[in-house]
Amino acid sequence: MTNPDLLIKGATLPDGSRADILIEGTQITAVGKGLSSASATTIDADGLVVLPGLVDLHTHLREPGYEQSETVLTGTQAAALGGFTSVFAMANTLPVADTAGVVEQVLRLGDEAGYATVRPIGAVTKGLEGIQLAELGAMANSRAAVRVFSDDGKCVFDPLIMRRALEYVKTFGGVIAQHAQEPRLTVDAQMNEGEVSARLGLAGWPAVAEESIIARDVLLAEHTGSRLHICHLSTAGSVDVIRWAKKRGINVTAEVTPHHLLLTDDRVESYDARFKVNPPLRRAEDVMALREALADGTIDIVATDHAPHPIESKDCEWGAAAFGMVGLESALAVVQTTMVETGLIGWADVARVLSETPARIGGLATHGQKIQPGIQAELVLVDPATRRNFGVEDLASLSHNSPYLGIELAGQVVATIHQGYLTTDDRTLVAADVVSAQAEVVARG
Amino acid sequence: MTARAIMQATDMQRALTRIAHEILESNRGAQSLILLGIPTRGVTLAHRLAEILESIVPGSSVPVGSLDVTMYRDDLYQQPTRSTAPTDVPVSIDDMTVVLVDDVLYSGRTVRAALDALTDLGRPKAVRLAVLADRGHRELPIRADFVGKNLPSAHGERINVRLVEHDGEDGVEIDEVMSV
Amino acid sequence: MKHLLSTRDVTREEAIQLLDIAEDMSAVNDREVKKLPALRGKTVVNLFFEDSTRTRISFEAAEKRLSADVINFAAKGSSVSKGESLKDTTQTLAAMGVDAVVIRHGASGAPQVLAQSGWIDVPVINAGDGTHEHPTQAFLDAFTMRKRLHGAGSRGKGLDGVKVNIVGDILHSRVARSNVWLLQTLGAEVQLVAPPTLLPHAVNTWPVSVSFDLDDALAQSKPDVVMMLRIQQERMHDAFFPNEREYSNMWGLTQERFYSLPAKTMVMHPGPMNRGLEISSAAADSPQSTVLEQVANGVSVRMAALYMVLTGEREVTHD
Ligand SMILES: [Zn+2]
């Protein structure tokens with residue numbers, strides 16, 4: 001038994017050409033003009049851009065442990081509505097994803113939900129405490145086949161532990177994704193250190209706290225000959241360090257979040273905790289430097305750092321609020337708004353930074369491929385002409401801590417196709433029972 | 001909107017002089033008397049009355065002060081926030097005859113507030129009220145003891161008292177507001 | 001004025017209006033019956049999440065002199081110390097029907113969050129929030145300066161051209177922030193004097209001049225006012241300066257420094273003072289010191305602030 005075939009008519013490919021795409025079972029079987037199929041459900045893609053399904057290298061799904069914020073099911077629903085067909089789930093759950101047991105649990109929950117390929121990220125250190133290496137090999141060799149390791153939320157601060165981790169993951173071709181935050185320079189830090197923090201009386205988070213760790217770690221990566229990934233770059237100085245490292249031939253990749261491409265620290269003037277995030281929103285100069293670096297390839301990918309929090313963690317005074325914002329549903333629209341509409345990049349680049357490169361960094365062969373016959377059908381259809389005031393109705397996450405509510409964004413996901421079946425159809429999420437049934441069909445082969 | 005002159009400078013001077021005589025008559029002289037004007041124009045009128053009193057009774061030197069009633073008003077939540085004015089009472093009002101002075105008497109609410117304000121300052125022997133113009137429409141059981149001119153007026157009209165010290169000239173006029 | 005959250009939001013006109021009303025309030029505080037009926041029937045809650053007896057009793061005196069009913073809510077020993085949130089506390093108060101909230105909170109911005117939250121729709125007065133602002137303190141400081149400089153002729157005046165040096169822990173001081181904005185609005189020339197560790201990183205964006213050297217600053221600027229800030233106990237062991245002795249020698253208003261000032265220079269301190277650290281007793285107890293006037297003026301200024309936010313027509317923003 002297989003799922004219904006799909007025929008996409010008249011989509012615009014990332015390179016600007018137009019084609020029909022036929023999907024049979026889980027595969028793309030034909031790409032070309034004038035395709036037809038008697039059995040397939042037809043999707044009219046006139047005016048829509050088709051991209052390889054988006055891949056998020058930095059998602060917090062919160063399960064196990066924080067199910068009041070998000071579950072694997074609701075988090076992957078948010079992903080599907082945002083055009084993602086794979087997410088890498090960060091390790092700061094409860095218990096922490098520092099053993100094979102936890103990462104396999106997350107993998108299984110993702111497979112059952114069926115909205116996206118969930119790839120667990122393993123913790124670098126036990127309990128994210130930065131003291132003792134977690135069971136990296138056991139996680140790598142588990143069914144979850146973990147390749148990305150991160151203590152995200154916390155910095156792997158001890159330089160010796162960082163060195164050892166970088167070296168050790170070479171065993172299985174892994175990569176360390178560093179959350180670059182010098183802990184002593186950010187004690188009680190609340191927002192970017194600068195003009196706004198001085199005025200608002202909020203403890204400052206200096207750019208140097210990020211840049212100094214990145215500088216240290218690219219030098220460690222050079223010394224050990226290891227692969228390093230830097231999470232959520234937020235400052236112009238960090239861009240300079242990465243640019244220098246790449247020129248030197250160091251094996252480093254870097255990501256930027258959508259919110260650091262759009263929002264600046266003056267948003268904090270409202271003390272609205274939806275704008276409280278780690279790393280913090282920075283100055284307009286930083287935003288411009290990050291956009292430029294994403295366009296010229298210094299920054300490799302966009303990753304959401306989707307960080308759901310319940311209402312009580314945000315509807316409170318700034319100091320008591322949690323760091324983080326949801327971002328899966330809005331990511332593509334923010335990238336279109338900040339990068340495509342401004343002429344900095346084209347749709348082929350969007351495919352590169354939101355799908356191809358994150359899949360490659362994460363070792364995910366089934367995703368982020370050029371759209372052609374013979375590949376697994378992981379696709380997203382975007383209507384670039386839509387303009388909308390982003391609202392709560394645009395969210396599928398269990399949590400509503402989006403910084404974009406009430407902000408106009410360009411573009412909207414019309415359909416998302418994962419393993420050959422629709423997870424989002426006609427701008428609406430496909431129901432959970434329909435999706436899980438189709439996932440089960442795929443799993444049974 | 002058109003303005004209609006009701007009193008000229010000479011009318012005003014004549015009215016104040018008459019009020020001064022009436023005050024002396026009712027008080028049987030200028031002793032134990034204090035004039036307290038309600039800011040802003042009431043204070044100016046009180047000073048003018050004191051000058052006239054002194055010209056009638058040389059050496060009388062009736063004390064003059066100002067009594068701000070803002071904090072005692074009953075419409076603090078119906079109007080934009082009002083600024084206050086100084087309260088300056090040069091001598092104790094205990095056992096004195098206080099003459100409150102204001103430019104226009106209308107609803108009576110300002111005078112009600114003034115009576116409350118006085119209570120917090122002491123216990124006068126008597127309180128009298130002198131106004132340059134009484135335009136009627138009282139909302140409280142209050143009447144003036146000394147009135148410069150009765151000016152029956154409609155609700156929509158405004159009475160403008162103009163004084164040299166504030167406006168460069170003396171006079172009273174009515175702004176007739178077109179009814180809509 | 002709908003709320004009093006930050007002196008940055010206050011126009012020069014509003015600031016002078018508040019100071020002028022405070023003049024009239026201060027006259028009431030000198031008479032036998034120290035009470036006005038303006039806020040009769042209104043309930044004001046003093047919501048103190050941080051201990052501050054001085055500020056709390058000053059507000060309480062101001063509220064009572066305006067005939068308001070007063071509810072004091074201190075966080076210590078209450079449900080708040082057991083983890084009840086600002087939101088729940090405020091919604092509870094709203095259900096009781098209060099007409100204004102005076103809030104002190106350890107988190108910067110908490111009064112603003114409260115004012116724009118929709119949890120409660122009443123005027124909010126910031127009585128000190130984290131390291132952000134303390135607007136009524138700045139108003140009482142400005143009032144004190146104006147009164148000393150202009151006496152009975154203060155009404156209607158700003159502080160144009162008045163030279164003020166604010167000395168000490170600017171970085172963590174809500175008093176300094178509120179003063180910087182208000183003094184600038186009133187036309188004063190402000191100089192901040194502190195060790196670089198106790199100045200905000202972006203202090204160059206503020207409308208002030210900055211000096212690291214107190215002797216130099218006093219000699220060069222010939223200030224009309226020297227405002228000394230309190231050094232909090234917890235700063236002493238966090239590498240902001242080597243030790244108390246060195247701080248006092250370099251940035252304290254020592255007896256020697258005080259005697260070098262012209263006799264007309266005002267010495268201010270928001271209290272409570274660390275005598276012998278940031279200020280010497282010679283300075284604190286001199287006729288040039290305004291410390292006790294500041295306390296007295298605090299009540300008048302808070303009466304004016306309460307009057308300004310509570311009276312007037314209120315548009316309903318939530319229903
Ligand atoms: Zn992170």
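The values are calculated or read from the model by the stated rules, or taken from the named source; none is laboratory data. As the structure is a prediction and not an experimental result, all values here were calculated from the model. Cβ sites come from the backbone with ideal geometry, for glycine too, and all protein chains shown count toward neighbours. In case anyone asks, the SASA skips ligands and DNA or RNA and just uses the protein heavy atoms, side chains included. Shrake-Rupley method; radii C 1.70, N 1.55, O 1.52, S 1.80 Å.
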query = Among the candidates A:Thr224, A:Thr253, A:Thr257, which residue alone is in contact with a Leu (Cβ under 6 Å, 6 or more places away or on another chain) and either open to solvent by 10 Å² or more (accessible area, probe 1.4 Å) or within 16 Å of the ligand (Cβ to nearest atom) (or both)?
reply = A:Thr224
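Name the strands (runs of 3 or more DSSP E) wholly inside region A:12-107 in which the number of residues that are farther than 30 Å from A:Ala410 by Cα, in the same structural domain as A:Asp300 (by TED's automatic domain parsing) and not acidic (Asp, Glu) is 2 or more. First the steps, then the outcome.
On the way: elements: A:18-24, A:27-32, A:41-44, A:49-52, A:54-59, A:84-89.
By residue number, no strands (runs of 3 or more DSSP E) qualify.
Looking only at region C:37-60, which residues are of a type in the set (A, V, I, L, M, F, W, C), surrounded by 17 or more Cβ atoms within 10 Å (Cβ to Cβ) and not in a strand (DSSP E or B)? So that I can check it myself, show each step before the final result.
Let us first name the residues in region C:37-60 that are of a type in the set (A, V, I, L, M, F, W, C), namely C:38-39, C:44-45, C:47-49, C:57, C:59.
Next cut, surrounded by 17 or more Cβ atoms within 10 Å (Cβ to Cβ) only: C:38-39, C:44-45, C:47-49, C:59.
Listed by number, the residues that qualify are C:Ala38, C:Leu39, C:Phe49, C:Phe59.
From the list C:Ala152, C:Ala138, which one is modelled with pLDDT under 95, of a type in the set (A, V, I, L, M, F, W, C) and assigned to a helix (DSSP H, G or I)?
On the way: C:Ala138 fails: modelled with pLDDT under 95.
Going through C:Ala152, C:Ala138 in turn, the sole match is C:Ala152.
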query = Going through region A:391-445 one residue at a time, which ones are in contact with a Phe, Trp or Tyr (Cβ under 6 Å, 6 or more places away or on another chain) and in a helix (DSSP H, G or I)?
reply = A:Val435, A:Gln438
message = Within region A:283-296, does at least one residue satisfy the condition of being in a loop (DSSP other than H, G, I, E, B) and either open to solvent by 40 Å² or more (accessible area, probe 1.4 Å) or in contact with a helix residue (DSSP H, G or I) (Cβ under 8 Å, 6 or more places away or on another chain) (or both)?
response = yes
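Within region A:333-363, which residues are among the hydrophobic types (A, V, I, L, M, F, W, C) and open to solvent by less than 10 Å² (accessible area, probe 1.4 Å)?
If we filter region A:333-363 for residues that are among the hydrophobic types (A, V, I, L, M, F, W, C), which is where we start, we get A:333-335, A:339-340, A:344-345, A:347-348, A:350-351, A:353-354, A:359, A:361.
Selection gives A:Ala333, A:Val334, A:Val335, A:Met339, A:Val350, A:Ala351, A:Val353, A:Leu354, A:Ala359, A:Ile361.
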ask   = Of all residues in region A:80-107, which are out of contact with any His (no Cβ under 9 Å at 6 or more places or on another chain), open to solvent by 20 Å² or more (accessible area, probe 1.4 Å) and either free of Cβ contacts under 8 Å to residues at least 12 places away in the same chain or within 16 Å of the ligand (Cβ to nearest atom) (or both)?
value = A:Val96, A:Gly101
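Is there a residue being touching a residue at least 24 places away in the same chain (Cβ under 8 Å) and more than 23 Å from A:Leu54 (Cβ to Cβ) anywhere in region A:289-302? Write out each step before concluding.
Keep residues of region A:289-302 that are touching a residue at least 24 places away in the same chain (Cβ under 8 Å), which gives A:289-295, A:298-302.
So of that shortlist, the ones also more than 23 Å from A:Leu54 (Cβ to Cβ) come out as A:289.
Looking through region A:289-302, at least one residue is touching a residue at least 24 places away in the same chain (Cβ under 8 Å) and more than 23 Å from A:Leu54 (Cβ to Cβ).
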note = A:Ser142 passes all but one of the listed conditions (1) away from the ligand (no atom under 16 Å from the Cβ); (2) closer than 30 Å to C:Leu171 by Cα; (3) not β-branched (Val, Ile, Thr); the exception is number (2)
note = Within region C:57-96, of all residues that are modelled with pLDDT of 95 or more and of a type in the set (Asp, Glu), the one nearest to C:Leu306 (Cα to Cα) is C:Glu63
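The rows are residues; the columns are (1) open to solvent by 10 Å² or more (accessible area, probe 1.4 Å); (2) in a loop (DSSP other than H, G, I, E, B); (3) modelled with pLDDT of 95 or more.
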site	(1), (2), (3)
B:Ala5	yes, no, no
B:Ala15	no, no, yes
B:Leu45	no, no, yes
B:Ile52	yes, no, yes
B:Pro58	yes, yes, no
B:Ser61	yes, yes, no
B:Gly65	no, no, yes
B:Asp74	yes, yes, no
Region A:154-196, subset touching an Asp or Glu at 6+ places or on another chain (Cβ under 7 Å) and in a helix (DSSP H, G or I), residue nearest to the other protein chains (Cβ to nearest Cβ) = A:Val196
query = Taking region C:295-319 as the region of interest, how many residues are modelled with pLDDT of 95 or more and away from every other protein chain (no Cβ under 14 Å)?
reply = 4
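Out of the residues in region A:168-186 that are of a type in the set (D, E, K, R) and either open to solvent by 60 Å² or more (accessible area, probe 1.4 Å) or in contact with a Phe, Trp or Tyr (Cβ under 6 Å, 6 or more places away or on another chain) (or both), which is farthest from the ligand (Cβ to nearest atom)?
This residue is A:Lys170.
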